[in-house]
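Here the structure is laid out as structure tokens; the discussion comes afterwards.
Please treat every number below as a calculation from the coordinates, not as lab data. Note that the structure is a prediction, hence the values are computed from the model and not measured. Quick reminder, even Gly has a Cβ in these numbers, built from the backbone with ideal geometry, and neighbours come from all protein chains shown.
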């Protein structure tokens, strides 16, 4: 029997892939005022938010992860469930610095600023401990944030881990789904939408510099507070009456006052709908009169691969006739 050469037995593709990865480094990441040069891909990554976790998993990086955190009692998107279950959960809240040290983290990725707050894990302190960091750029609050900015976020994370081709594949898949929605929505008239983020005496809202506001716009809605140059803020019930939204997007996460909430869809999402329906001031608002609510959990509402899921859901909710 003729013996095959060693290289043929091992296979040329893995060696080529390894060579491409080596050629990719060093990789310089400039992010929210911090610059870090990666000589190799991190091997002990930890995520501090659900959208950061999903972005890593969408890039097939679970083997490079040693922990996730801040899922609370929310559920990972079904397409990432198997990969998610292969990574240790360090905490239902934001992982502490001690937990990051114990996990021997070499890269810490947060999907929004809470993860790197001064009271939790300030980035300079983590850098001093030998951990590289990245914050999803929506959290820098530099202005409007949409799919183009999200695609650059994907490219940056893929670059850090030396897998730029995976980033482009993920982006192409998302672009195809976005294009399908936009094709169906051609010619529709946008409807006014309020993105409600809780509050009884004072209603809290999702404003213009967020991925969710952008998704509402791309789904054929018009965020009634989308012209405000910030991420989150307050409004008034009287202003809501004046602006007369035809649909209300109810945004919620898995925590309240820093504590994990049991069954957040019911105890936060549906509870917020009940708050709206019990308020006599807004009883005549079209969205309230017509029970036009869509619940969006932060797994889908924060910028990440599941932003496309939110786009599809909201487009169906705003313009069901376009999908018949």
- Item | the stretch 150-164 residues near the modelled residue 82 label - backbone nitrogen below 18 Å, point 7 Å along Cα→Cβ | none
- Pull out a ≥ b ≥ c, the square roots of the eigenvalues of the alpha-carbon gyration tensor of the stretch 63-169, then state rounded if a/c is under 1.5, prolate if not and a/b is larger than b/c, and oblate in the remaining case. rounded
- Note on the structure: Note: residue 37 to residue 290 extended length (0.36 nm per residue) minus current alpha-carbon separation gives 85.8 nm
- Have a look at 306, 253, 234 and tell me which one the Gaussian network model of the chain (Cα, springs below 10 Å) gives the largest fluctuation. 234
- Gyration tensor on Cα atoms of the stretch 190-316, a ≥ b ≥ c root eigenvalues, a/c under 1.5 rounded, else prolate if a/b beats b/c, else oblate, says rounded
- Item | Spin-label pair residue 270/residue 176, simplified geometry with 7 Å Cα→Cβ offset, distance in nm | 3.6
- Item | For the stretch 203-248, projected area of the alpha-carbon convex hull averaged over all directions, nm² | 2.9
- Note on the structure: Each label sits 7 Å from Cα toward the beta-carbon; between residue 97 and residue 141 the label points are separated, in nm, by 2.3
- Task: Treat the count of other C-beta atoms within 10 Å as a stand-in for reagent exposure and order 54, 183, 217, 169 from fewest to most.
- Result: 183, 169, 217, 54
- Message: As a footprinting exposure proxy, order 235, 37, 43 by other Cβ within 10 Å, with the fewest listed first.
- Response: 37, 43, 235
- Query: Over what distance in Å are the Cα centres of the stretch 60-101 and the stretch 145-224 separated?
  - Reply: 23
- Ranked from fewest to most other Cβ atoms within 10 Å of their own Cβ, 80, 34, 194 fall in the order 34, 80, 194
- Heads up, the chain by the C-alpha gyration tensor (a ≥ b ≥ c square roots of eigenvalues; a/c under 1.5 rounded, else a/b over b/c prolate, else oblate) looks prolate
